[in-house]
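Chemist: Starting off with a structure, shown below.
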Amino acid sequence: MKKITAVLLAILLALTVIAACTPAEDTATPTPAPATATPAPASDGDAPPPPAEPITLNVWQWELDNQTTDFANLWYYNQLEEETGVKINWTAIKESEWNEKLNLMFNSLDMPDVIIRPNLNLNIEEYGVLQGLLVPLDDYLEANMPNYYPRISLNNTVDSLRASDGKMYYLGYLVAQNINHNAHFFMNQTWLNAVDKQVPATIDELTDVLRAFRDGAPGASGMYPMSAGGGIEHHIEGIYPYFGMFGVPLQRWVYAAIGDNDKIVFPGYMDGFREACEWLAMCYAEKLLDPDAITQEENAWNEKINSDQIGFATYLRLIASAWANPDTTENWVSILPPSVSSGAKIPRELEIPEFGAVITSANQYIPETLQWLDKQFETQRMLEATNGPLDMSDDVRAILGEDAQDGSPLRFDGSKWGVNYTPDNQSLYKIVPVNQGQFFAPGDYYFDIFDLPPHRIERRDYASQYQAAGIVEKNSYMILTRLLKPVPDDASELQRLFADIESLMRERISNFIINGVTDASWQTFLDEAENIGVGRYLELYQSYYDAFNAVR
């Protein structure tokens, strides 16, 4: 990413040829990165004064399916309101309902002032560049965001924040971690010991272990050798991660992968896709796969994990997770994904900013809103948002319970921040927003001021393990989703194609698992893929990727 500013300029020039019919303003040269921004890793900027009169903002807030957070009464936001004079009317929306409600909101034009942590499917080109429903922030940042603004120049992160017109329509969310993948494979070691089996390395060995779990795991009644949750397409604990064992880096964000030969390929056309569907169908038929795995919510899956009812699963990490029962997490061990002879292939993650917040055109207080958001990027406040307060009140101690006896979860030694402990039972979500708030910490800022906590170190170690094994895809899918900047017409077409392809994949994979795969049903799938425009989808991404790849 070192040369991305130049890359994007060259891409857009190349795309003038590719999209000759596109109006000139659609391929405008990106605004250059702020030349005067100077990073200040260990200090914060001087905040503008609070608004002269209290204001109220309507905020849509993304919320995890497996958490219920009372945003209106969090210690964190109450303190923020006292300091800024900005009151928030919160509307919390669960992750599983987010896409539908977001689209309905934009279509109705009944918009909030701010949308916090919209997921990766927010169409910036459609709602920002094309329709003007999102506010371009470039002219406001330097004056109103003294904490956030200097950091966007670090590690070339500013380049990924720009849309095809060169403007920034969202604040980034970034936690530098040195990771390279999300879904990680885990095995229940207690169950392995009970059936006298070793950690499986191949699909055949895994199948043998799962059958042994089915027939002889502790308390076999009500047990599930393998399971999944959060919906079939969930990128961490759903069914999709299992396709990686068959060399198919299937993920929910873009139904395309970049091959080692730089050709864009549809996962459904990859060699291991049918084999993965057939294996999952066999597991379903033989009761090796939890029958609820295709549709069950994340909470139901977590409950089974915490009740020690599952033997094999994918997840993010063990420490500071929804696997809240310490007796349960002690049973699990990290493993390399069992694989076919051609090897596993796991989707590669890049440390590129996600969406932190967008401001809609309904907002009448843009500077004040950005100032309120920027307070959340102050070093101490940002670290408190994810780890808990440095100085704890009696109310906070009561929420943390016995953990509070160990003092504050967060520490500061005068030069560097760190984490003393992570409270059990997800109690942080009752105090601070954790990953549902604002955070922007590129590596050149973050690693100088912060000692990574145990759960971050855990994921970093997993990343090293998978990288050393050579099982993470060479070219990340995130190049397609975050670094290419299709002009609005192409972006809209890709979004429409994505919706149809996603429906096809979810429906067909579910059907294959439940009913099995026949030559006839497989041909039907291939025909449907062609008819809904998979070829055009790949063609568009290939043209943009070729332009990007030619100059990077």
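The values are calculated or read from the model by the stated rules, or taken from the named source; none is laboratory data. Please read all numbers here as calculations on a predicted model, not as lab measurements. Glycine also receives a Cβ, built like all others from the backbone with ideal geometry; neighbour counts cover every protein chain displayed. Heavy atoms of the whole protein, side chains included, go into the accessibility calculation; ligands, DNA and RNA do not. Shrake-Rupley method; radii C 1.70, N 1.55, O 1.52, S 1.80 Å.
Chemist: 7 Å from Cα along Cα→Cβ at both S341 and D196: what's the point-to-point distance in nm?
Modeler: Label at S341, label at D196, 3.0 nm between them.
Chemist: Let me ask something additional. Tell me which GluC sites (Glu not before Pro) from region 294-340 have a DSSP coil assignment and no more than 15 other beta carbons within 10 Å of their own.
Modeler: E330
Chemist: Now for a different question. Run through every distinct alpha carbon pair of region 314-359 and return the Kirkwood hydrodynamic radius in angstroms, one decimal place. Please list the in-between numbers first.
Modeler: Details: mean 1/r = 0.0698 Å⁻¹.
The Cα-based Kirkwood calculation yields 14.3 Å.
Chemist: Return the label of the correct value of mean projected area of the Cα convex hull in nm², as calculated from the structure shown, out of (1) 34.0; (2) 25.1; (3) 30.9.
Modeler: (2)
Chemist: OK, next. With r as the distance between the Cβ atoms of A550 and D451 and R0 = 35 Å, compute the FRET efficiency 1/(1 + (r/R0)^6) and round to 0.05.
Modeler: Working: r = 41 Å, r/R0 = 1.17.
Efficiency computed from Cβ-Cβ geometry: 0.30.
Chemist: Here's a follow-up. Starting from the Kirkwood Rh over alpha-carbon pairs, what translational D in µm² s⁻¹ does region 339-399 have by Stokes-Einstein at 10 °C and 1.306 mPa s?
Modeler: 99 µm²/s
Chemist: Please give the per residue accessible area of region 136-209, computed with a probe of 1.4 Å over protein heavy atoms only, in Å².
Modeler: On the way: 2330 Å² over 74 residues.
Solvent-accessible surface per residue comes out at 31 Å².
Chemist: Let me ask you something else. Net charge near Y365: determine it from the other residues with C-beta under 13 Å of the C-beta of Y365, scoring Lys and Arg +1 and Asp and Glu -1. Walk me through the numbers on the way to the answer.
Modeler: Values: positive: K87; negative: E53, D113, E368.
In short, -2.
Chemist: Set the Förster distance to 30 Å, then compute FRET efficiency between E83 and N178 from the Cβ-Cβ distance, nearest 0.05. Don't jump to the answer; show the numbers that get you there.
Modeler: Working: r = 33 Å, r/R0 = 1.11.
Rounded to the nearest 0.05, the efficiency is 0.35.
Chemist: Continuing with the same structure: Could you work out the local net charge near E126, counting Lys and Arg as +1, Asp and Glu as -1, over the other residues with Cβ closer than 12 Å to its Cβ?
Modeler: Working: positive: R496; negative: E125, D489, D490, E493.
Here the count lands on -3.
Chemist: Relative contact order, percent, of region 176-279 when contacts are C-alpha pairs under 8 Å separated by at least 6 residues?
Modeler: Numbers: 102 pairs, mean separation 17.0, N = 104.
Here the relative contact order equals 16 percent.
Chemist: Could you work out how far the C-alpha centroid of region 420-446 sits from that of region 350-368, in angstrom?
Modeler: 20 Å
Chemist: State which entries of K167/K485; K304/K345; K87/K167 exceed 18 angstrom in Cα-Cα distance in the structure shown.
Modeler: Numbers: K167/K485 11 Å; K304/K345 28 Å; K87/K167 28 Å.
Over 18 Å apart, Cα to Cα: K304/K345; K87/K167.
Chemist: Once the piece of chain linking T91 and A52 is laid out straight, how much longer is it, given 0.36 nm per residue of separation minus the C-alpha distance between them?
Modeler: Length gained, T91 through A52: 11.5 nm.
Chemist: Something else about it: Based on Cα positions only, what radius of gyration and what Dmax would you give for region 275-379, in angstroms?
Modeler: Answer for region 275-379, Rg first and Dmax second: 20.9, 60 Å.
Chemist: Keeping all protein chains in position, work out how much accessible area K263 exposes to a 1.4 Å probe, and write it in Å² to the nearest 10.
Modeler: 110 Å²
Chemist: Further question on the same structure: What is the P(r) of region 51-209, as percent of Cα-Cα pairs per 10 Å bin from 0?
Modeler: Pairs per bin, as whole percents: 8, 25, 30, 18, 10, 8, 1.
Chemist: Ok, one more. Using helices alone, I'd like the mean residue ellipticity at 222 nm for the chain: each DSSP H run of four-plus residues gives -39500 (n - 2.57), total over residue count, nearest 500.
Modeler: Numbers: 19 runs with 210 residues, N = 552.
Counting only the DSSP helices, I get -11500 deg cm²/dmol.
Chemist: Next question, about the same structure. Kirkwood Rh and Cα-based Rg: tell me the resulting Rg over Rh for region 488-552, rounded to two decimals.
Modeler: Numbers: Rg = 14.8 Å, Rh = 13.3 Å.
Answer for region 488-552: 1.11.
Chemist: Under the rule of at least 5 residues apart or a separate chain, name every residue whose amide H is placed under 5 Å from the amide H of A441.
Modeler: Distant-sequence amide H within range of A441: L174, V175, A176.
Chemist: Ordered by residue, what ³J(HN,Hα) values in Hz, to whole numbers, does region 328-336 give under the Karplus form 6.51 cos²θ - 1.76 cosθ + 1.60, where θ = phi - 60° and Gly and Pro are x?
Modeler: Values, residue by residue: 6, 5, 5, 6, 9, 10, 6, 9, 6 Hz.
Chemist: Here's a follow-up. Quick one: net charge of E507's neighbours, Cβ under 13 Å, K/R +1, D/E -1? The partial results should precede the final answer.
Modeler: Details: positive: R506, R508; negative: E233, D500, E502, E528.
Charge balance in the 13 Å sphere: -2.
Chemist: For D500, what accessible area in Å² do you get when you roll a 1.4 Å probe over the heavy atoms of the protein chains, rounding to the nearest 10?
Modeler: In the full protein context, D500 sits at about 80 Å².
Chemist: Still on this structure: Rounded to a whole number, what is D in µm²/s for region 413-488 from Stokes-Einstein with the Kirkwood radius over alpha-carbon pairs (10 °C, 1.306 mPa s)?
Modeler: Working: Rh = 16.0 Å.
Using the Kirkwood radius from Cα pairs, D works out to 99 µm²/s.
Chemist: Would you compute, for the Cα atoms of region 383-510, the largest minus smallest coordinate along each principal axis and list the three values in descending order, in whole Å?
Modeler: Extents along the principal axes, in whole Å: 54, 32, 32.
Chemist: Count the DSSP beta bridges whose two residues both fall in the chain, then state the antiparallel fraction as a percent rounded to the nearest 5. Walk me through the numbers before you get to the answer.
Modeler: On the way: 22 of 42 bridges.
Of those bridges, close to 50 percent are antiparallel.
Chemist: If you restrict to DSSP beta bridges whose two residues both lie in region 58-214, what percentage is antiparallel, to the nearest 5? Walk me through the intermediate numbers first.
Modeler: Numbers: 1 of 10 bridges.
In region 58-214, approximately 10 percent of DSSP beta bridges are antiparallel ones.
Chemist: Separate question: On the protein heavy atoms, probe 1.4 angstrom, tell me the percent of accessible surface of region 305-358 carried by carbon and sulfur. Please list the in-between numbers first.
Modeler: Details: 810 of 1770 Å².
Its accessible area is 46 percent carbon and sulfur atoms.
Chemist: In nm, to one decimal, how far is the I514 label point from the A285 one, both placed 7 Å along Cα→Cβ?
Modeler: Each label point lies 7 Å from its Cα, and together they span 1.7 nm.
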